[in-house]
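What follows draws every value from the coordinates through simple rules; no lab data is involved. These numbers were taken from a predicted model, which means no experiment stands behind them. Quick reminder, even Gly has a Cβ in these numbers, built from the backbone with ideal geometry, and neighbours come from all protein chains shown.
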Amino acid sequence: MIEYDELEKRMVLKLVYYGPAMSGKTTNLLRLHDLLAREGLGDLMMLDTADDRTIFFDLLPFFLVAPSGLKIKLKIYTVPGQVRHDATRKAVLQRADGVAFIADSQTGETANNVASFENLESNLALVGLDIDKLPLVIQFNKRDMAGIVPEEEILDNWRSTGIPVIMASALQGWGVWETFARLIELTYAHLDSRYHLTAEHGLDQRSFVERLTDRSRE
Ligand SMILES: Nc1nc2c(ncn2[C@@H]2O[C@H](COP(=O)(O)OP(=O)(O)OP(=O)(O)O)[C@@H](O)[C@H]2O)c(=O)[nH]1
Ligand SMILES: [Mg+2]
């Protein structure tokens, strides 16, 4: 649910990285912090325990201004994956405009991925979001590891859902931008149909993505 203030010409978008414990959500956000344009990048806020497990959430804010003057604030959150933090996950998920589900590719983690995806489905319903309408992408992370589910098998399993599936190693830094860019594309389409970003604000999908990328880092 987009926060939009027409008088103030401000819009706040919320993207949430969801998934089982230790799947690499925080690592994705750390990589994104390196990949996003320095201009517009806010401070990365990480709330974790001594052993690096997220207990509340991580937040990376990004600011951009459309040619019309519309100010867009993008807030990218991660949830804590550990089962016991469900209340926090639900709170972070509220009013999400898009979700990236970060799954762990290791064969031994399949049951945890399934349980976490079911948890996402039930929490979305609880916060009043329709999973069929919400921009959603799935990343299978940790592709650098041994003992992972083969890509073909993953794609076969998820094909019928129509949800985009992206392979990644957040540790090595690949697949992270693809996941984010795909989510942005889906979220943009959703926004444009409602707020006419191209027609009324001069911000088409390509320039939206370009404003997020730091060209000097390519
Ligand atoms: N080999 C490998 N390790 C990874 C990868 N991504 C993350 N890790 C490691 O997995 C562990 C957990 O990563 P986090 O990013 O903290 O996981 P998380 O999903 O935020 O975990 P919670 O906050 O507990 O939900 C860390 O030791 C990471 O370095 C990857 O692509 N490959
Ligand atoms: Mg984390």
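Values computed for the structure shown
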| quantity | calculated |
| --- | --- |
| Gyration tensor (alpha-carbon) shape descriptor, region 11-78, a/c threshold 1.5 | prolate |
| Average Cα contact separation per residue, region 128-198, under 8 Å, 6 or more apart, as relative contact order % | 37 percent |
| Given charges at Cβ of Lys, Arg, Asp, Glu: region 119-159 dipole, positive-most of LEU126, ILE148, TRP158 | LEU126 |
| More than 26 Å apart - percent of Cα-Cα pairs taken over the chain | 33 percent |
| Prolate/oblate/rounded label for region 165-218 (Cα gyration tensor, a/c 1.5) | oblate |
| Cα radius of gyration and Dmax for region 1-48 (Å) | 14.0, 42 |
| Helix 176-195 vs. the chain, principal-axis angle (Cα, 0 to 90°, nearest 10) | 40 degrees |
| Net charge, ASP5 excluded, C-beta distance under 12 Å - Lys, Arg +1, Asp, Glu -1 | +1 |
| For LEU136, residues with placed amide H under 5 Å, excluding near neighbours | VAL99 |
| Antiparallel content of DSSP bridges confined to the chain, in %, to 5 | 45 percent |
| MET167 long-range amide H proximity, modeled H, under 5 Å | PHE140 |
| ³J(HN,Hα) computed for each position of region 162-170 - Karplus, 6.51 cos²θ - 1.76 cosθ + 1.60, integer Hz, glycine/proline x | x, 7, x, 10, 10, 8, 7, 10, 5 |
| TYR17 long-range amide H proximity, modeled H, under 5 Å | TYR77, THR78, VAL79, ALA100 |
| Net charge dipole size for the chain [Lys, Arg +1 and Asp, Glu -1 on Cβ; Debye, nearest 20] | 460 debye |
